[in-house]
Each structure stands twice: as structure tokens, then as C-alpha cells.
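The values are calculated or read from the model by the stated rules, or taken from the named source; none is laboratory data. Everything numeric in this text was worked out from a predicted model, so none of it was measured. Here the Cβ is made from the backbone with ideal geometry for all residues, glycine too, and neighbour counts use every protein chain on show. When the accessible area is computed, the model is the full protein with side chains, heavy atoms only, and any ligands, DNA or RNA have been set aside. Shrake-Rupley method; radii C 1.70, N 1.55, O 1.52, S 1.80 Å.
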Amino acid sequence: VEVIVHISENLGENRRNDLVDALEKEERIISAEFCPLRYHLMLVRYDRDISSSQDVLASVRTQNYNARLIGPV
């Protein structure tokens, strides 16, 4: 399952890469990537058998970013 997460902060390339790396280290998250040219939007694929969209959002917020769910892809 894929969801879109809106990141409130303006992140440079290094911070975006750090966030992607941190999320992809989590077992429940399959992949994470920022939308090209829309760096405030992140596509996150996760294993719905062990996680929920709210868990994905919590993972982003745990990294100290203001974020909200936009919805499924």
C-alpha cells in the first residue's frame, strides 16, 4: 500500500535523503521517496499486514518533522 505524506518543512537534499534512509530502515516500510519537483510530498510504501498509514505518519513525526497524511495513491 502507498500513501502520500506532506512534509511541512522545506528540506534540502541531505535532509530528504536522511529521512528516506531512516524510514527505509524500518521493517514495516518497504520504500520511501520524495516526489520530483514537489519535495514537500513523500510517497511511502508500507506492509499493511504489520502497519497502518497512521504508523507511517508516526514514523515521519518521530524524525522530528511536521507531517500529515494526504491519502492513498
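Against the main long axis of the alpha-carbon atoms of the chain, helix 53-62 sits at an angle near 40°.
About its Cα centre, the dipole of the chain is roughly 260 debye, where the only charges are +1 on Lys and Arg Cβ and -1 on Asp and Glu Cβ. Using a probe of 1.4 Å on the protein chains alone, the accessible area found for GLU2 is around 50 Å². Once Rg/Rh (Cα atoms, Kirkwood Rh) is worked out from the coordinates, which option in [x] 1.15; [y] 0.99; [z] 0.91 does it equal? Recomputing Rg/Rh (Cα atoms, Kirkwood Rh) here gives the entry labelled [z]. Solvent-accessible area assigned to carbon and sulfur over the chain amounts to 42 percent, based on a 1.4 Å probe. The HN-Hα couplings worked out from phi for the stretch 16-22 by the Karplus form 6.51 cos²θ - 1.76 cosθ + 1.60 (θ = phi - 60°) are 4, 4, 4, 5, 4, 4, 4 Hz, whole numbers, x standing for Gly and Pro.
For the chain, the solvent-accessible area of protein heavy atoms averages 64 Å² per residue (probe radius 1.4 Å; ligands and nucleic acids excluded).
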